[in-house]
Amino acid sequence: MPTTRETTDRSAVRTLLRLWPYVRPVRARLLTAAFVAVVASCTGLVIPLVLKWMVDGPVADRDPAGVWLGALYLLLLGIAEAVLFGIRRWLVARPLSHVEAEMRAGLYRRLQRLPVAFHDRWASGQLLSRATTDLMLLRMFLAFPLTFLLVNGVTILVGLVIMLLQDWVLGLVILGPAVPVMWTCVVFERRYARVARRAQDQIGDLTTVVEESVLGIRVIKGFGRHRSQARAFRELSGRLRGTELRKARLLATIWAVIVTLPEVAIGAALVLGVLRVADGELSAGTLVAFLSTALALRWPVDSIGFLLAMSQEAATATERYFEVMDELPEDQLDGDGGVDPRPQARDAAHRAAAQGLRFENVTFRYPDAPPGSPPLLTAVDLHIRPGESMALVGATGSGKTTLTALVPRLHEVTSGRITLNGVDITTMSREELRGRVAVAFEEPTLFSASVGENVLMGARDAAGKPELDRALAIAQADFAHALPQGTDTRVGEQGLSLSGGQRQRLALARAVVGRPEFLVLDDPLSALDVHTEAAVEAALRRVLADTTALIVAHRPSTVLLADRVALLSGGRIAAVGTHQQLLRENAEYAHLMSGEQEDSR
Amino acid sequence: MTTTTPSTPAVSDDDSDGPARSRDAGDPGGPGDQFDRDVLPSPPGATAALLRSLLAPMKARVALTTLLLLLQQAAVQAGPLLVAYAIDTAVPAFRDDRNGPLFAVAAGYLLCALASGALQFAFIETSARVSQDVLLDLRGRIFRHAQALSVDFHERYTSGRLISRSTTDVESLRELLDEGLQELVTVILSFVYISATLLWLDPGLGAVAVASFLPLYLLVRLYRGRAARVYGARSTAIAAVIVKFVETMNGIRPVRAFRREAANDAEFAVLNTRHERTNGDSLLEMARYVVGSRLVANTAVAGIVLWGAHRVAAGSLELGVLAAAVLYLRRLYDPIDRLGMFLNSYQSAAASLEKIAGLLAQTPSVPEPERPRELPPRKTEFPGREVVFDGVRFGYRTGGEVLPRFDLTLPAGQTVAVVGSTGAGKSTLAKLLARFYDPSAGRVLLDGVDLRELPMPELRRGVVMVTQEAFLFSGTVADNIALGRPEATREEIERAAKAIGAHEFISALPDGYDTDVRKRGGRISAGQRQLVAFARALLADPAVLILDEATSSLDIPGERAVQRAMATVLRGRTAVVIAHRLSTVEIADRVLVMEHGRIVEDGHPDELIGGTGRFADLHQAWRDSLA
């Protein structure tokens, strides 16, 4: 499974740097915000200095004016700090939401263009968890840990400098735990990364189970299997819980170290400070200011633990995001849209032979098929003449659907070529190809849109109401007019549920609405009753009269739509001829069409 | 995703020439349908009640975590007190050569440091356990509840929303539990501790500090109200994004073939931008809050210092006390931002929990019986049972009656073919018998027992339905067949597959029965999927078998093989077979022709074929289609 790729050795920083192209457009804002945050933080650090000044000066001297002045400074600094923090948040709020949205749109765009084979391989739950959870993690990372690792780093440094300047001995004592804390962070980072990755993958798996159990609800209900499904779910979510608890333990460890060591150092500084104040080497005001600074640094130091943890999770999220983004979209897998490098046949005779839809020596095996397995299609040669319709017949699982998927290039031929009117389909852009070839799938998927939109999807932009009505009439889908809002009724996932037969007819209307040059129909009438089927066939015949069509058929009635029939058997075209001819001459065909035993014929 | 069926299943195969759902359902954009909104109605207080019920079993552990946090805060907050003690007592004492107080400071600080570290560790551990257990519980509840809800519900709620309930919405509760609650407790504890300490150090300063809580409280209230709206909008926006995302990924082939990519990009951009906007709104709301609270806090610090300094100058306050008070004050207001973070996670979790509560408040329209009845012992040695539709009426939820009034008796062991044009009510009949729905009036009886009184497991063992959409789950082919009867052995699984003619293609898969249907080489065609679904049904060995267009994607030999198998398998079982292709009729003992929810012809196939009725017509048309 590509989804559980184990990552042990990778630098979180290097991974996170890959976000740069997305962050680049907002870099000015982000940098300004970080700068503002640093200033705000330092403002906070100046406050103890003012306190020191007050205690050692006006308070000790009983100077009311000085006290007022000091309080005024405090107030101004306080206001500045508040406003600056506000500005920081204001600066990044919109840009970072925008970055998240851009990345999500990018992922969606890419996923829509990745080869169908990619989608066969990846559970959509894993994809979804990347588009939601992972991207939210990334936004949070950019908003918070990224800025605050910088801000807190600077704050800690400035604080340390202030403390060293005030009293270098106490300062050094405070610095003591730096090395062990950093070492813990490094060790922790590595372990946490692994566990975080596992957790995110497990969330993806869980999402997949949820999705399947919703999509397969009829089967689960039909067999009363919700208990075993719930068990599988419980097992997975229990596993996720275990991983999360391991994560928590790592986090707890780092917290414990980060809390304890600096606190011990502050305690030591306090004792030392008391000794030196008692000896008169240090003023009480300095000690107060020093400790006040040290305590002010507590949060920046404490926070490093969870900031690093969040960064780790962000790195993992980035990695998961780019696992998808690094896949090449189908039009980059080859030189798409280029000019045909092969010289085209010029003479008329040759041209005529090349017209129509032609499979030349096409071999296909799924790119992810186990090595050594035989190809699904071997050396398929088939010529469908212009305006001719060809039925494709073959036993269940013989590769008919796969063969039809090659025409609109949902899958790529392994070798050989397919030509439309003599032009290799790999030399035209997919956009153009899919504009010329219309498809109706065996599983008619409708999208969340109106009936009209769903059907007109199959047409060029200009098509309108007359085209829609014509297509609905051909597919015997006039029921659409009787829907509550006619052809404006929304269907699909978020609309009216239609029956299988209704959907199949709409899908067929979608295929024919654009008056395509080439039509590929995959068992388009399987869910229709006999009368409707007959009506559709009658109408389809008129459409097919001048369309080059490839029709996968299971039944004689569908076969009769076509001018000729091709029999797909053992991965190759075993016979081509008219229905009657093949019934007479080909035992396998006769068997497929009548269901009677081959030897009985 | 070759193996998933389209995500838009049919309500009914029968109402093709009328809306599957009626008036208001057919108006998905209208205000009348609660399913148009992302939040389903739930009784008032359901959200809080849900949270309470989730935390109830954790009471002891929640108390423990609170105690750990209490102690940890005590250890942390002791610092400034020790500083005050050190400056006011230890320094003068040391000058007098008394080392005791200094040792006390040293020991005290070390102890506090170690204790706060250890307690922090223990706290994170325990609270993670609490939060993970709550999440486990909640995930399970959503999942089980969703599974218990009727098919009807699923058709209306959409899978994307359900997925978003159990992913992003659970995730936001997780944030609340992981970070939010800790923040809240820390904030409250430090407020209490620090206020108390300040009051003890100097009642005047303490009182001023406590008084500053009032404006903060008002600020928090204001923020809460505004944030609730913003977060609700944001959660709805992300759910819409998810729905679109899932729909696209599940329909990737047609998306490609019809060049929907650009149009989808545009539609997705609208939803995505809406989410972006609400997301930004929520972040800005937070920014406003932070500025406000900081302003209040910093002003209060300046005021208190001013007053305190005057008093020190006047001699009514010790310097050490002022120093400690100032240190505490800074800390007092430090957690205010964190309070904001808590409110953040609280609002977003509340918005999510409200939706989850709305989902959990849905009662299954096909409920488990309160007083279940067992099926009577079989009268014969055959597995079949008698089915009776007694005065059944049915309309889809909001009107439009599909079955006006329906009476039918299927004797045990009879195989009945139901034919009729689309919209005649065939699938409704099947779904009532499988109890995917309950009739609006009348009863469906299995051996005299109302289906509504049968315990679900008993019903599901007794009645099995195979539909046209053969969904395969992740896992091996064998797993998928075994779904029919999980305890079946490998031999039984293979026997079922052989009986139905699926054994050959399964054996030819890369790992045979152990081929993962979603992994390499596991591509299975629609026809093959139907065979697997059949094998599944055979294995289940039910008393009543319903086949709803279950052979539509098979080729003729495949269909024949299934029929041959059926002829043996169905013997003694009660079977309802719905098929457009009348080849089914050959194995049927009886044919029902339906029209507009009524039975218009009923008889033995030969008898009907010989007649002049609709069935004779249909049969002739079918014969012709075979050419």
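The values are calculated or read from the model by the stated rules, or taken from the named source; none is laboratory data. A quick note: this is a predicted structure, and the numbers were derived from the prediction, not measured. Using ideal geometry, Cβ is built from the backbone for each residue, glycine included, and neighbour counts are taken over all protein chains shown.
Things to note:
- If you filter the range A:395-418 down to residues that are touching a residue at least 60 places away in the same chain (Cβ under 8 Å) and farther than 15 Å from residue A:520 by Cβ, you find that the one that is surrounded by the most Cβ atoms within 10 Å (Cβ to Cβ) is A:398.
- Subset of the range B:336-384 that is surrounded by fewer than 19 Cβ atoms within 10 Å (Cβ to Cβ) and polar (S, T, N, Q) - its residue that is farthest from residue B:180 (Cα to Cα): B:380
- Positions within the range B:461-492 being within 10 Å of chain A (Cβ to nearest Cβ), hydroxyl-bearing (Ser, Thr, Tyr) and outside any loop (DSSP other than H, G, I, E, B), in sequence order: B:467
- Among (1) over 30 Å from residue B:613 (Cβ atoms); (2) buried (at least 17 other Cβ atoms within 10 Å of the Cβ) - the single one residue B:387 does not satisfy: (1)
- Selection status of residue B:415, crowded, with 21+ Cβ neighbours inside 10 Å and facing another protein chain (nearest Cβ under 10 Å): no
- Some residue of the range A:273-286 being assigned to a helix (DSSP H, G or I), hydrophobic (A, V, I, L, M, F, W, C) and either within 47 Å of the chain's Cα centre (by Cα) or more than 9 Å from every other protein chain (Cβ to nearest Cβ) (or both): no
- Total residues in the range A:194-212 satisfying the condition of being within 18 Å of residue B:473 (Cβ to Cβ), buried (at least 24 other Cβ atoms within 10 Å of the Cβ) and among the charged types (D, E, K, R): the figure is 2.
- The requirement of being buried (at least 19 other Cβ atoms within 10 Å of the Cβ) and among the aliphatic types (A, V, I, L, M) is fulfilled nowhere in the range B:598-607; no residue meets it.
- Elements of type helices (runs of 4 or more DSSP H) contained in the range B:530-627, each with 3 or more residues being touching a residue at least 24 places away in the same chain (Cβ under 8 Å) and among the β-branched types (Val, Ile, Thr): B:556-569
- Residues satisfying the stated conditions in the range A:453-463, i.e. buried (at least 22 other Cβ atoms within 10 Å of the Cβ) and more than 8 Å from chain B (Cβ to nearest Cβ): A:454, A:455, A:456
- Positions within the range B:239-274 being at pLDDT 85 or above, more than 7 Å from chain A (Cβ to nearest Cβ) and farther than 17 Å from residue A:111 by Cβ, in sequence order: B:240, B:270, B:274
- Test result for residue A:290, among the aromatic types (Phe, Trp, Tyr), within 9 Å of another protein chain (Cβ to nearest Cβ) and either surrounded by fewer than 21 Cβ atoms within 10 Å (Cβ to Cβ) or farther than 30 Å from residue B:458 by Cα (or both): no
- Selection status of residue B:327, within 7 Å of chain A (Cβ to nearest Cβ) and touching a Pro at 6+ places or on another chain (Cβ under 6 Å): yes
- Here is the figure for the range B:317-332: residues that are surrounded by fewer than 22 Cβ atoms within 10 Å (Cβ to Cβ) and assigned to a helix (DSSP H, G or I) total 5.
- Among the candidates A:557, A:526, residue that is within 14 Å of chain B (Cβ to nearest Cβ) and part of a helix (DSSP H, G or I): A:557
- Counting only residues that are without any contact (Cβ under 8 Å) to a residue 24 or more places away in the chain, touching a helix residue (DSSP H, G or I) at 6+ places or on another chain (Cβ under 6 Å), facing chain B (nearest Cβ under 8 Å) and under 21 Å from residue A:158 (Cβ atoms), the range A:55-85 holds 1 of them.
Yes/no per residue for (1) in contact with a strand residue (DSSP E or B) (Cβ under 8 Å, 6 or more places away or on another chain); (2) touching a residue at least 60 places away in the same chain (Cβ under 8 Å); (3) under 30 Å from residue A:498 (Cα atoms); (4) among the hydrophobic types (A, V, I, L, M, F, W, C):
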position	(1), (2), (3), (4)
A:522	yes, yes, yes, no
A:528	no, no, yes, yes
A:539	no, yes, yes, yes
A:551	yes, yes, yes, yes
A:555	no, no, yes, no
A:578	yes, no, no, no
A:585	yes, no, no, no
A:592	yes, yes, no, yes
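- Qualifying residue in the range B:335-355 (condition: within 30 Å of residue B:212 (Cα to Cα), in contact (Cβ under 8 Å) with a residue 40 or more places away in the chain, acidic (Asp, Glu) and out of contact with any Cys (no Cβ under 7 Å at 6 or more places or on another chain)): yes
- One residue stands out among those in the range B:556-594 that are of a type in the set (Asp, Glu) and in contact with a Ser or Thr (Cβ under 9 Å, 6 or more places away or on another chain): the one that is modelled with the highest pLDDT, which is B:589.
- Residues (buried (at least 19 other Cβ atoms within 10 Å of the Cβ), at the interface with another protein chain (Cβ under 7 Å from one of its Cβ atoms) and in contact with a Gly (Cβ under 8 Å, 6 or more places away or on another chain)) located in the range A:231-255: A:233, A:237, A:251, A:255
- Residue in the range B:440-447 that is under 35 Å from the mean Cα position of the chain (by Cα), basic (Lys, Arg) and over 28 Å from residue B:616 (Cα atoms) present: yes
- Listed by position, the helices (runs of 4 or more DSSP H) contained in the range A:116-172 that have at least 2 residues being farther than 30 Å from residue A:328 by Cα are A:145-166.
- Enumeration of residues in the range A:438-485 that are within 35 Å of the chain's Cα centre (by Cα) and basic (Lys, Arg): A:460
- Taking (1) more than 19 Å from residue A:31 (Cβ to Cβ); (2) facing chain B (nearest Cβ under 8 Å) in turn, residue A:89 satisfies each apart from (1).
- Scanning the range B:114-131 for residues that are touching a residue at least 12 places away in the same chain (Cβ under 8 Å) and of a type outside the set (S, T, N, Q) turns up B:115, B:119, B:122, B:123, B:128, B:129, B:130.
- Unique match (being within 22 Å of residue B:555 (Cα to Cα), crowded, with 21+ Cβ neighbours inside 10 Å, of a type in the set (Val, Ile, Thr) and at the interface with another protein chain (Cβ under 10 Å from one of its Cβ atoms)) among A:520, A:536, A:437: A:520
- Among (1) surrounded by fewer than 24 Cβ atoms within 10 Å (Cβ to Cβ); (2) touching a Gly at 6+ places or on another chain (Cβ under 7 Å) - the single one residue A:264 does not satisfy: (2)
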